[in-house]
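What follows is a set of notes on a single structure, which appears directly below.
FYI, it's all coordinate maths here, none of it is from the lab. As the structure is a computational prediction, the values presented were derived from the model and not from experiment. Methodologically, a virtual Cβ is constructed for each residue, glycine included, from the backbone with ideal geometry; neighbour enumeration extends over all protein chains shown.
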Amino acid sequence: MAEAPGERSGTKGGDQAGRRSPDDAEDLGRRALALDAGLSVRDPDLPASWPEYRGLASLVWILVHRPDFRSHDTEAFRALLIRVLRYLFVSGQYRSGVTIGRKIHHDWTGTLGADHPDTLAVANRFAGCLFGMRKYEEARDLFAALLPRCGWMLGGEHPQTLAVASNLCASLTALGAYQDARAQCWDVLRRSQRALGPDHPSTLRAASNLVVILRHLDDQQTARAVAQDTVPRYRRALGDDHPDTVNAARDLVAVLRALREDDRAQSLVNDLLPHS
C-alpha cells in the first residue's frame, strides 16, 4: 500500500432505498476478518507476510474512511487493526500508518477510553509511524504521555509498557538527547531482562536501541559488548533472516569497523548479512 487505495462508492444506482451495498462497512469488515483468518504468515514483522497484509491493509484503508465504520466493535477486529499498523510500520509505509493510526486512536480514545489496553497498543503503533515519518517530537510526546498510562494500567514490567519505554528512548535518540536516552535505555534493558528474559524480542530491541545510543556517544567498546551479546540472541530467537537480526548485525559491523576490527566485521558480513 505504497499509495492509499481509492475509496469506492458505498451505493449503486440500482439499489433500492435502505438496501446495503456490497461495500457496506459491516460487509467489508467481515471480508477483512476472513482475510485475516486465512493469513499463511501471521507475524507482520516477517516480510513473507507482507503480500497478504497488503490486501488486508487496502481494505482497512477503505474502512477507516467510511462514516459507518465502527473500528472498536470487536476484540478480533481491534487486534487485526493493531497488526496492520505494525505491518505498515515495518514495511516502511509510515504515511498510511499515520493516517490510519490517528483516526483509530481518536476513535478508540472516545469509545474505549484512553486507558483501555487496545487504545494503549494502537497509540504505540501510531507513534511508531510518526517516528518513521521523522515526526520525532510528536512521536516523543505521544510515547511520553503513553508511558505512565501503560505503567498504571498494565504494570511497569508489562511487555507493552517496556516496548513504549524503549520507543521513547529511540525518540530521544533521534532528537539528540543521547545522555537521557542512554540512562533510560539501560533501565529499560535491565527491566526487560528481568521481566521477559534476555531472549525476548522486546529485550533484544531495547539492547539494539542501546547500541545505537552508545555509538552516538562514541562509546564503541560498550556498544561492541552489548551488540556481541545481542546478535547471537537474535539469531537463536528470531532466525538469521529476520529483519531485526539483520539490523542488529549491521550495527555490530559498524561498531567493529569504528574500532578498526575490519577482519571481524567482514567475517560477520560473510556469515550473516548475505541472508538479508
Candidates A181, A206, A195, ranked by Gaussian network fluctuation over the chain, Cα under 10 Å, top entry: A195
Dipole in debye (nearest 20) - the chain, about Cα centre, beta carbon charges: Lys, Arg +1; Asp, Glu -1: 120 debye
Angle in degrees between helix 201-216 and the longest Cα principal axis of the chain, rounded to the nearest 10: 60 degrees
Spherically averaged projected area of the stretch 159-275 from its Cα convex hull (nm²): 6.5 nm²
Option label - Cα extents along the principal axes in Å computed here, alternatives [x] 74, 41, 29; [y] 72, 47, 31; [z] 92, 39, 32: [x]
Order of H65, H106, H116 under a 10 Å beta carbon neighbour criterion, fewest first: H106, H65, H116
Taking N as its residue count, the alpha carbon Rg of the stretch 24-133 over 2.2 N^0.38 Å: 0.97
Among L154, L210, L162, residue whose mean-square fluctuation peaks in a GNM of the chain (springs only between Cα atoms under 10 Å): L154
The stretch 159-275 - charge dipole about Cα centre, Lys and Arg +1 at Cβ, Asp and Glu -1, debye rounded to 20: 260 debye
Surrounding net charge for I104, when Lys and Arg each add one and Asp and Glu each subtract one, Cβ distance under 10 Å: +2
Segment R54-L175, extension gain: residue separation times 0.36 nm, minus the distance between their alpha carbons: 40.4 nm
Rounded to 10°, Cα long-axis angle of helix 25-37 versus longest principal axis of the chain: 40 degrees
Most fluctuating residue given options L204, L146, L28, as computed from a GNM of the chain linking Cα atoms under 10 Å: L28
Crossing angle, helix 262-271 versus the chain [Cα axis fit, 0-90 degrees, rounded to tens]: 40 degrees
